[in-house]
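The values are calculated or read from the model by the stated rules, or taken from the named source; none is laboratory data. Every value quoted in this text rests on a predicted model; they were computed, and no experiment measured them. Cβ placement follows ideal geometry from the backbone for every residue including glycine, while neighbour counts extend to all protein chains displayed.
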């Protein structure tokens, strides 16, 4: 297992200029191993989403670099970055971003089309408990079911990194735990490295690796020796 599959080195990012300038990331450093379930934990404004956007190649840092499997994102041109995002990353957002005129199966197939080495769509549907819903459209699904489809679309790509930005933020307690269990299952079954942004302290207990952020820096970087399953979480 690679010690430094994902490396974040001296990352700095600010927005605005002059009096309005805001330093969002102020020299961030950490590494994540391949296959780890890593939680980025912190309050609103701690830099979590900005960091996720930089790892995802959506945003660029002012200083420092992100390296995945030895490839530095800053050395990629726009075409290479697009390819990198397409081939190596899966995204699960708080908002589901499903295509309304495609059914469940077709929404997941969109993810498969973007991959050179996709997982079996039917297997993903089964893992996520969506087989009996596969011909329904997004407006016929509950929020939890829509989030399952969103996870399916991300996971079917067989991404190196599954990036989850507050994936349970819009869901109730029971559904949140089910969604976390599904992401956990995908991590175990398909081996994707999971980077999950959350402000929910309880979620840290199911992670291999917990990075606590505050004011744009890493305050704690802990390996969780006694992790518990998602369904055993309480908050």
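Checking every residue in the stretch 152-164 against the condition of being surrounded by fewer than 18 Cβ atoms within 10 Å (Cβ to Cβ), in contact (Cβ under 8 Å) with a residue 60 or more places away in the chain and in contact with a helix residue (DSSP H, G or I) (Cβ under 9 Å, 6 or more places away or on another chain) gives zero matches. When each of 169, 191 is tested for being modelled with pLDDT under 90 and either buried (at least 21 other Cβ atoms within 10 Å of the Cβ) or under 20 Å from residue 35 (Cα atoms) (or both), the lone residue that passes is 191. Set side by side, the residues 96, 113 differ, and just one is over 14 Å from residue 186 (Cα atoms) and at pLDDT below 90, which is 96.
Return yes or no: is residue 175 surrounded by fewer than 23 Cβ atoms within 10 Å (Cβ to Cβ) and under 16 Å from the mean Cα position of the chain (by Cα)? Spelling it out, it is not the case that residue 175 is surrounded by fewer than 23 Cβ atoms within 10 Å (Cβ to Cβ) and under 16 Å from the mean Cα position of the chain (by Cα). Please indicate, with yes or no, whether at least one residue in the stretch 141-149 is under 16 Å from the mean Cα position of the chain (by Cα), touching a residue at least 40 places away in the same chain (Cβ under 8 Å) and under 15 Å from residue 192 (Cβ atoms). Looking for residues that are under 16 Å from the mean Cα position of the chain (by Cα), touching a residue at least 40 places away in the same chain (Cβ under 8 Å) and under 15 Å from residue 192 (Cβ atoms), one finds none in the stretch 141-149, hence no. Annotation: of all residues in the stretch 121-130 being without any contact (Cβ under 8 Å) to a residue 40 or more places away in the chain and crowded, with 17+ Cβ neighbours inside 10 Å, the one that is nearest to the chain's Cα centre (by Cα) is 124. When the residues of the stretch 1-17 are filtered to those that are assigned to a strand (DSSP E or B) and surrounded by 14 or more Cβ atoms within 10 Å (Cβ to Cβ), the one that is farthest from the chain's Cα centre (by Cα) is 14.
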